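Student: Below you will find the structure I want to go over with you.
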Amino acid sequence: METLQREIAETSVFEDDLPFDAATVCGGDRDDDTVTDDAQTSLADATDSGDGAADATGEPPLVAGVDQAFVDDHAVSAVVCLRGGAVVERVYAVEPVAIPYIPGLLSFREGTAILSAFDALSREPDVALVDGSGRIHFREAGIATHVGVTLDLPTVGVAKNLLCGTPRESLDRKLPRGSRVAIEADADVETAEPGTRIGDAVQTRQFENSDRYVNPLIVSPGHRVSADTAADVVLACADGYKLPEPTRLADAYADEVKAEVRENLG
DNA sequence: GCGACAG
DNA sequence: ATCTTGTCGC
């Protein structure tokens with residue numbers, strides 16, 4: 001398995017090779033006219049990737065969210081596709097899990113169900129947000145990278161926790177919404193030179209009038225996406241919640257299906 | 001042996 | 001990931 005991951009990492013492309021510009025994703029991107037907010041936002045331009053299919057038609061890109069739920073020894077994988085913030089398609093698949101959860105080998109546990117769900121999809125997403133890590137992995141082949149390379153689809157890894165790597169600055173503080181903190185490879189990432197930026201901690205949401213704070217999401221390139229674009233897409237899909245809409249909706253759909261599935265089984 | 005570890 | 005009531009906050 002580790003050998004396969006090294007091969008996947010070599011095949012993967014951690015650079016932009018997308019049919020659209022992250023700025024055209026829309027559907028979310030909180031733009032509260034509140035206050036103390038004028039710093040960023042204008043990072044999108046001069047990013048023209050050449051042949052934009054979605055751009056050409058002026059049509060927003062098709063963004064897919066992928067998430068899993070479990071019922072005993074079965075994984076329920078749900079995929080929800082959005083275009084311009086509207087749900088266009090939802091599919092799911094149920095597959096038995098082959099191995100238990102082992103940090104670093106997640107794709108071998110959930111991969112089959114995910115690929116099966118994509119098989120049921122009638123469209124080809126322009127990019128997919130996969131729950132879990134992409135490049136932020138011991139061998140730079142997290143589940144987002146594994147799925148992306150297997151389907152040769154642009155993918156982004158969206159995790160709630162850091163698997164490995166070191167944040168350039170402490171994440172244990174209240175970061176402003178929209179901020180990013182680079183995650184660098186360290187000794188735990190055996191395939192990259194220490195110091196290599198393998199992803200970012202991205203603050204998609206933050207409390208305004210509270211002493212407490214929301215932890216950032218851990219975003220990393222899966223395949224055919226750069227670290228900057230990965231973060232751009234996630235922030236563009238954020239709509240008031242910590243999780244980007246595609247992921248949030250896939251999560252809810254997986255739970256919905258799970259309830260029905262656990263009766264067709266036990 | 002100890003530590004660390006996505007979902 | 002999953003098992004779960006109440007509870008604090010906008």
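The values are calculated or read from the model by the stated rules, or taken from the named source; none is laboratory data. Everything quoted here is computed from the prediction, not taken from an experiment. All Cβ positions, even for glycine, are placed from backbone atoms using ideal geometry, and neighbour counts span all protein chains on display. Surface accessibility is based on the protein's heavy atoms, side chains included, excluding ligands, DNA and RNA. Shrake-Rupley method; radii C 1.70, N 1.55, O 1.52, S 1.80 Å.
Student: Step by step: first the residues of segment A:204-220, then only those that are open to solvent by 50 Å² or more (accessible area, probe 1.4 Å) and not polar (S, T, N, Q), then the one that is nearest to the chain's Cα centre (by Cα). Which residue is that?
Tutor: Result: A:Arg205.
Student: Still on this model: Kindly indicate whether any position in segment A:208-220 is closer than 18 Å to A:Val13 by Cβ, in a strand (DSSP E or B) and β-branched (Val, Ile, Thr).
Tutor: Yes.
Student: Give all pairs with beta carbons closer than 9 Å in which a residue from segment A:212-228 that is within 16 Å of DNA strand B (Cβ to nearest atom) meets a residue that is among the small types (Gly, Ala, Ser) and open to solvent by 20 Å² or more (accessible area, probe 1.4 Å); count only pairs at least 6 apart in sequence or on separate chains.
Tutor: The qualifying pairs are A:Pro216/A:Ser179.
Student: Follow-up. For A:Val158, work out the one condition from (1) assigned to a loop (DSSP other than H, G, I, E, B); (2) within 17 Å of A:Val233 (Cβ to Cβ) it doesn't fulfil.
Tutor: With respect to (1) assigned to a loop (DSSP other than H, G, I, E, B); (2) within 17 Å of A:Val233 (Cβ to Cβ), A:Val158 is out only on (1).
Student: Just name the residue that is nearest to the chain's Cα centre (by Cα) out of those in segment A:59-70 that are more than 10 Å from DNA strand B (Cβ to nearest atom) and open to solvent by less than 10 Å² (accessible area, probe 1.4 Å).
Tutor: Looking at residues that are more than 10 Å from DNA strand B (Cβ to nearest atom) and open to solvent by less than 10 Å² (accessible area, probe 1.4 Å), I get A:Gly65.
Student: In segment A:201-222, what residues are closer than 30 Å to A:Gly111 by Cβ and of a type in the set (Gly, Ala, Ser)?
Tutor: Going residue by residue through segment A:201-222, those that are closer than 30 Å to A:Gly111 by Cβ are A:201-205, A:214-222.
Answer for segment A:201-222, where residues must be closer than 30 Å to A:Gly111 by Cβ and of a type in the set (Gly, Ala, Ser): A:Ala201, A:Ser220, A:Gly222.
Student: Report whether or not A:Ala252 is outside any loop (DSSP other than H, G, I, E, B), surrounded by fewer than 19 Cβ atoms within 10 Å (Cβ to Cβ) and modelled with pLDDT of 95 or more.
Tutor: yes
Student: Next question. Mind checking whether some residue in segment A:167-176 is more than 7 Å from DNA strand B (Cβ to nearest atom), modelled with pLDDT under 95 and of a type in the set (Ser, Thr, Tyr)?
Tutor: Checking segment A:167-176: at least one residue is more than 7 Å from DNA strand B (Cβ to nearest atom), modelled with pLDDT under 95 and of a type in the set (Ser, Thr, Tyr).
Student: Let me ask another. Return the residues of segment A:126-145 that are more than 16 Å from A:Val79 (Cα to Cα) and not in a loop (DSSP other than H, G, I, E, B); say none if nothing qualifies.
Tutor: A:Thr145 - this is the single residue of segment A:126-145 that is more than 16 Å from A:Val79 (Cα to Cα) and not in a loop (DSSP other than H, G, I, E, B).
Student: Quick check on segment A:221-242: of everything there that is touching a strand residue (DSSP E or B) at 6+ places or on another chain (Cβ under 7 Å) and in a loop (DSSP other than H, G, I, E, B), which residue is most open to solvent (accessible area, probe 1.4 Å)?
Tutor: A:Lys242
Student: Also, I was wondering about something else. What is the residue count in segment A:113-143 for residues that are aliphatic (A, V, I, L, M) and within 14 Å of DNA strand C (Cβ to nearest atom)?
Tutor: Residues meeting the conditions: 5.
Student: Just give me the residues in segment A:67-112 being out of contact with any strand residue (DSSP E or B) (no Cβ under 7 Å at 6 or more places or on another chain), part of a strand (DSSP E or B) and more than 12 Å from DNA strand C (Cβ to nearest atom), in sequence order.
Tutor: Residue satisfying the conditions is A:Ala86 alone.
Student: Tell me which residues, restricted to segment A:154-194, are over 21 Å from the mean Cα position of the chain (by Cα) and within 16 Å of DNA strand C (Cβ to nearest atom).
Tutor: A:Lys174
Student: Given the criteria open to solvent by less than 20 Å² (accessible area, probe 1.4 Å), of a type outside the set (Lys, Arg), part of a loop (DSSP other than H, G, I, E, B) and at pLDDT below 95, does A:Leu153 qualify?
Tutor: Working: open to solvent by less than 20 Å² (accessible area, probe 1.4 Å): yes; of a type outside the set (Lys, Arg): yes; part of a loop (DSSP other than H, G, I, E, B): yes; at pLDDT below 95: no.
No, not satisfied.
Student: Out of the residues in segment A:115-153 that are at positive phi and within 14 Å of DNA strand B (Cβ to nearest atom), which is nearest to the chain's Cα centre (by Cα)?
Tutor: Within segment A:115-153, the match that is nearest to the chain's Cα centre (by Cα) is A:Gly132.
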